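Beneath this line is the structure, given in structure tokens, with notes to follow.
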Amino acid sequence: MYSPTLIINSLIDFSGLLMSLQGLIASRIFIKSDRTNKRFFSYLFTFLIIFWVFSLITLFLGTIPDPSLTIYSRISKFIYCVSVAPVMPMITAQLIARNSPVKPVKLTRNPVFLAVILLWTAFVAMLITAQFTTFIYSFSPDNSYHIGPLYFLLIIPPALTLIISLVTVIAWWKHFSSNQRKTYALALAVPLIGILVQHIFEGVHTITLGTVISTLILFVYFLEEHVGNIIRHKASTLALQMRPHFIFNTLTSIYYLCDQDPDLAKGTILDFTNYLRGNFTAIASEKPVSFKDELKHTAAYIKVEQVRFKDSIKVTYDTPYTEFRIPPLTLQPLAENAIKHGLEPDRAPMKLTIRSIKENGCAKVIVENTGTAFSRKDNDDPHIALDNIRERLKITCRGTLTISPREGGGTVVTMTIPD
């Protein structure tokens, strides 16, 4: 008959092993460009996998009262304890390296990191001592595991490490974003709770379970940050994809307007400035912007194009619903696409309509133009980046982008953004 503690520990070990395997696989798949963090999380989850495997082996061997297995139980127990030793110093090192307000960071001279290394050196020293004494833990000749009177000493290094890291986070509190504060507070609180629970229910593996949960919390936070960086990079790419001939033609138009219509020239300069400001502001934007701001940016772009093409572009705004947010640089490229592919100088003026409505709990933005209908090959043009917009809508706000031909000629592009 297995004891309740053995059953609980087995469930904890299997759960921890599965979570660590998932973390290792995810770190190898989803982190591609950041080699430092890819290596960090790969090592971290590998240590945890080794820990859980040998923890399960130790549990299994402990159920067999065979004197010949005592040496294997002792080895397995030692590996299982030593393999988790690097985890907390690595997490502390990552905390310091990524968030220290003092740059550059030199871990070998950082007092917090050196204190943690000292604690975990003492932890490993205690484990080595336990192989030759009975004060911390021991195995009897019949392969039975026994906790010694000084076993509580093994809890001191992880507890002090967490407390030191938590104090460090508090000291740097004003330098953290709200998301960072929540992440590190939770990542440090969970193992501390695990220590408290294991102190109350001696023998239950809650400390190490808390450690792997803490690691997963940090990993999820990093993935969110990593995805955010990708989105910002794509927004930056769009901002920098202003067509050279568009800039050249605009400046040329302004040059001639200075003599022909100085007031219009001044207005065009202001519109062009607002357009450029909107583009470069999007580079630093981390979150969706208000539709009103994106609409102003788009309107500035369209005004510049109307000056260049005079009466060839007729624009209509029908936007009664504006209380929602969209990723930056999504509406303006759609208007640019409509003008570029719908404008035909030899035909009647192109009509461009921008509408926004709320329908079935979703915000919908419709960009409709007359003229030539959209074709799939246009989507390969790097200046349009419609696939980029579709991907950013999906990642940022679970939105969608659909493209369909307009009845009578032209194209209808619809962005749908759930509330």
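Assorted remarks:
- When the stretch 344-365 is filtered for residues that are open to solvent by 30 Å² or more (accessible area, probe 1.4 Å) and closer than 20 Å to residue 312 by Cβ, the ones remaining, listed by number, are 344, 345, 346, 347, 348, 349, 351, 353.
- Residue within the stretch 17-25 that is surrounded by 15 or more Cβ atoms within 10 Å (Cβ to Cβ), within 24 Å of the chain's Cα centre (by Cα), in contact (Cβ under 8 Å) with a residue 24 or more places away in the chain and not in a helix (DSSP H, G or I) present: no
- Lone qualifier among 7, 29, 64, 50 - being within 29 Å of residue 146 (Cα to Cα), free of Cβ contacts under 8 Å to residues at least 12 places away in the same chain and open to solvent by 50 Å² or more (accessible area, probe 1.4 Å): 7
- Subset tally (residues that are without any contact (Cβ under 8 Å) to a residue 24 or more places away in the chain and among the charged types (D, E, K, R)) for the stretch 67-102: 1
- In the set 141, 149, 104, only one residue is assigned to a loop (DSSP other than H, G, I, E, B), modelled with pLDDT of 90 or more, out of contact with any Leu (no Cβ under 9 Å at 6 or more places or on another chain) and surrounded by fewer than 18 Cβ atoms within 10 Å (Cβ to Cβ); that residue is 149.
- Inclusion of residue 114 among residues that are part of a helix (DSSP H, G or I) and farther than 21 Å from residue 213 by Cα is warranted.
- Residue list for the stretch 173-194, filter: farther than 24 Å from residue 206 by Cβ and either at pLDDT 90 or above or part of a helix (DSSP H, G or I) (or both): 173, 174, 175, 178, 179, 180, 181
The values are calculated or read from the model by the stated rules, or taken from the named source; none is laboratory data. In this text, all values refer to a predicted model and were calculated from it rather than measured experimentally. In this analysis, Cβ positions are derived from the backbone assuming ideal geometry, glycine residues included, and neighbour counts consider all displayed protein chains. Side chains are part of the model used for accessible areas, which takes the heavy atoms of the whole protein and leaves out ligands, DNA and RNA. Shrake-Rupley method; radii C 1.70, N 1.55, O 1.52, S 1.80 Å.
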